[in-house]
Amino acid sequence: MADVAEQAVHDKGSEIPAGLSGLSSIDARRLLEEVGPNRWVKRDRFARVREVVRLLLDPMAVMLIIAAVVYFLLGETRDAVVLALALIPVLGVDVVLEARSRAALEKLARAAAPSADVVRDRQVVSVPLEEVVPGDLLALREGHVIAADGVVRWAANLAIDESSLTGESEPQPKREWPSAPDEAPPDARFFAGSQAVAGHGFGVVTTTGAATQYGGIAALVAQSASSASPLQQKAGVLVRRLGVVAVIVAIALFGLSLARGEPWTRALLGAVSLAMAAIPEEFPIVLTLFLSAGAWRLASRGMLVRRLASVETLGSTTVICTDKTGTLTRGEFQMTRHLALAPAVSEQDVLEASVLACERHPTDAMERAIGAYAAARGVSPANLDARWTLVRDYDFDSVGKHMSHVWQALDHDGYMVAAKGALEGILAHSQIDESARRAAVEANSRLAAQGLRVLALAGKRTDQLGADRDADERDLTVYGLLGFQDPLRPEVPGAVAECQHAGIRITMITGDHALTAHAVAEAAGILHEDDLIVTADELTALTESERAARIRRSTIFARISPEQKFLIVDALKNDGAVVAMTGDGVNDAPALHRADIGIAMGQRGTDVARATADLVLLDDNFASIVATVREGRHIFQNIQRAFLYLIAFHIPIVVLAISAPLIGVPLVLLPIHLVWLELIVHPVSAIVFQAEPASADIMNRPPRDPAAPLLPRDAVIGSAVSGAMLAVASFAIYWWLWPTVGEAQARALSLIVLIAGYQTLVFAERLALPALAVERIPRTLVFWTVWAASAVSLVLILYIPAAAQMFRVEQPTRLHVAVAILLGVLAVGWRLLLRTA
């Protein structure tokens, strides 16, 4: 319930009720060893085996095995062994890259893993969900996902959403059950995976792990971490389709070679070489690495990615709907003002009522500010606690936007009701004449216009308790108003300006007064029109079409309920916007789910909000959202560069694999050469481009259109033409010199052309995207290390006799080497000249 009426979020239940003690840490550790971790889904024992099988069925691995078998049948034992051993580095690269991706995802999963509050050693502590054991005393708090099955021992207005288990849409009220747990009725039981949505309580855990009723349902984080993003799915489909085409063409080439009278062994090697060259299995590997590595970088910058698909969407964000309190502001309240509104109410009455309207041991920032303010003026919360005992604790009412406590005096039989909340909610439960009502509204507006957060305070003394909450809160006297300062985060104005400069609209949605929201928007630099600030009542009064038009034009929404957040997000999405939405409460879940990117608050957010969201904002800071959008654009930009490189890389080797058999000359590229090239392309595409810094103008451009193709048409054409020209240059030098210098030297020159072109291609693809402001000379150590290693590998192949023999090459003359290098550079370098012109 982010930002709704000042004190929407309370950390209740930290005080352990009398008679309840929980386990000791020693007993908890012993039980954990005995019963095992509280893991709702058993881990797959055969996951590693399936991973090994999947790697062995990798297209490149299959082709290598076939080629090794062919060489063995030909009696070329050495070549067969070399190709068999080549499986190690080829698969090793894949294993390393995927392990790197998996490690990043596992770290994210651990960071996102839910925790549980339990009583250990007579203190409420937070432990990982997996460490909850039978016998634990579990704190049941509003917004928390419940960690295990058990029985309620103590409850205060506790209601639990069990719809994930029972299908019952209404939250179920829970009562205490002090007797034997196995005899507890349904309304005293709680279940793993359900969610506390109101009140608080404590319960003893009876069942954990897979034995719980929720045991068959995968944990939310595990599901989200393992699911492929839409872009990954598309890449997988592309690879499978191209793989089928490559196999069909390879079979056709094999048949053609046989029809021309070539030996079946040579024909099969040509077909295998073509298949190895044509199947672009790097695409899904590179994509997974980029997304997972990017997600890990985001986590280090304050944003936890729960779904990889959100990384793709970040670069397309056009609207950010943000809370105010704690996101734009520090969420560090200091009470600076109080106004008494009732003539018969003294300053002492206002201060005492303000303290009694708070929790006995407050953890909420505003309640702590109230206690400090009252104590500084002689009203000690500890002294009040000694004079009054709490008899009724009414939780925050999201409709009335208020809460109240009922206290009994220890020195007489009277009772005191103290309530605080939004002025409109307090007035609805107060006995007040029209002139006093107007005066209260005007005073509230004056404080709000100064940028203060305002709480209204009311109370009454009575001789007897009411029958229910409505009776207790009826006919209250408005005591006064409390004003709080919540400073703007210093980095917010710069982040807002950067976002708006990047074409991203900032929309503030708050439960605060419109004037307070306006003051914060002015300080933050959020673009808005003063006459288009929308309040909840105005939003409700509009027709659907009027509401859509108003939402389209407005950037400040005040006094908004969590339910109305959904309407705002829905209208923006229907208008074609790509929406990122922040939230922290249980009731924010529908809006977070409806948004393209749901962002939950990591510090003050509920488990329900975090489970629903795509991203978790670890520091609750708006500037981190903007940094995340920047990083999302950066990730997508590097994915585009890598894919363009892969397109240009594959064209020459496919052309060389097809051309030689068609013309009837010896193969240019043998399987061993393709293995070598594979070991070059993976580090370049997956490491060099992944490490490329963001372009200087990345936040100076409008958001990416999500309907646009993955790669710009002009860039694809440029990469394809570069690849084609490199293919022509590489095959031309081979075809031209083969009759005079022999197959081995001609092959060496063809490889030199290829590597020179690929070395130049790395520079070209860095600059391939339109309107990209990039340093001409790369400055990253990764770039130059990988770039130099690929060049050195060619030198070693050419000038080490054993390697030259293995790769079927001979040293060419220096003149031919110079010509080959020049051809390779010119085949691709023209793109660099065009870009710098």
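The values are calculated or read from the model by the stated rules, or taken from the named source; none is laboratory data. If you're wondering where the values come from, they're calculated on a predicted model, not measured in any experiment. Cβ coordinates were reconstructed from backbone atoms using ideal geometry, including for glycine residues, and neighbour counts include every protein chain displayed. With ligands, DNA and RNA removed, areas are computed over all heavy atoms of the protein, side chains included. Shrake-Rupley method; radii C 1.70, N 1.55, O 1.52, S 1.80 Å.
The dipole here belongs to the chain: it is taken about the Cα centre, uses +1 on the Cβ of Lys and Arg and -1 on the Cβ of Asp and Glu, and is about 3720 debye. Computed from the C-beta positions of A436 and T540, the FRET efficiency with R₀ = 25 Å rounds to 0.45.
For an R0 of 56 angstrom, estimate the FRET efficiency from the Cβ-Cβ distance between E262 and R39 and round to the nearest 0.05. Numbers along the way, then the final one.
On the way: r = 59 Å, r/R0 = 1.05.
So, using R0 = 56 Å, E works out to roughly 0.45.
Proximity of backbone amide H atoms, modeled 1.01 Å from N, is registered between L158 and K174, H200 at under 5 Å, excluding neighbours fewer than 5 places apart on the same chain. Charged side chains reduced to their Cβ positions (Lys and Arg at +1, Asp and Glu at -1) give the stretch 111-164 a dipole of some 220 debye around its Cα centre.
M335 contributes an accessible area of around 10 Å² to the protein surface, as traced by a 1.4 Å probe with all chains present.
With the cut-off at under 20 Å, measuring from each backbone N in the stretch 399-423 to a point 7 Å along the Cα-to-Cβ line of R461 picks out 405-420. Taking 4 °C and 1.567 mPa s as conditions, the stretch 392-511 diffuses translationally at an estimated 78 µm²/s according to Stokes-Einstein applied to its Kirkwood radius (Cα pairs). Relative to the longest principal axis of the Cα atoms of the chain, the long axis of helix 514-524 makes an angle of roughly 40 degrees. Three principal axis extents of the stretch 640-693 based on alpha-carbon atoms, in descending order, are 46, 20, 8 Å. Taking the C-alpha atoms only, the angle from helix 622-663 to the longest principal axis of the chain is near 20 degrees. Taking only Cα atoms, what is the 0 to 90° angle, nearest 10, from helix 347-356's long axis to the longest principal axis of the chain? Long axis of 347-356 versus the principal axis of the chain: about 50 degrees. Across the stretch 490-501, rounded Karplus estimates of 3J(HN,Hα) from the backbone phi angles (6.51 cos²θ - 1.76 cosθ + 1.60, θ = phi - 60°) give x, 7, 5, x, x, 5, 5, 4, 4, 5, 5, 5 Hz, Gly and Pro being marked x. For the chain, the number of Lys pairs with C-alpha atoms closer than 29 Å, counting only pairs eight or more positions apart or on separate chains, is 23.
Solvent-accessible area of the chain (1.4 angstrom probe, protein heavy atoms only): carbon and sulfur portion equals 59 percent.
Amide H contacts of L140 (H built 1.01 Å from N, in plane; Pro and chain starts excluded): G201, F202, G203 sit under 5 Å, all sequence-distant by 5 or more or on other chains.
At a Förster distance of 25 Å, what's the computed FRET efficiency of A707 paired with A789, Cβ-Cβ distance as r, to 0.05? Spell out each step's value before the answer.
Numbers: r = 40 Å, r/R0 = 1.59.
Result of the calculation: an efficiency of 0.05.
Determine which residues of the stretch 383-416 fall in the zone a paramagnetic label at A428 would reach in this model, i.e. backbone nitrogen under 18 Å from the point 7 Å along Cα→Cβ. 394-405, by backbone N distance to the label point. At q = 0.05, 0.07 Å⁻¹, what log₁₀ I(q)/I(0) does the chain have when each alpha carbon counts as one equal point scatterer in the Debye sum? Ignoring solvent entirely, the Cα scatterers give -0.38, -0.67. Projecting the alpha carbon convex hull of the stretch 502-585 along each direction and taking the average yields 5.5 nm².
Grouping the Cα pair distances of the stretch 316-399 into 5 Å bins from zero gives a pair-distance distribution of 3, 11, 19, 19, 18, 13, 6, 4, 3, 2, 1, 0 percent in increasing distance order. Where the alpha-carbon atoms of the stretch 485-544 are placed on the principal axes, they occupy 36, 31, 16 Å, in descending order.
Sorted from longest to shortest, the spans of the Cα atoms of the stretch 279-429 along the three principal axes equal 86, 29, 27 Å.
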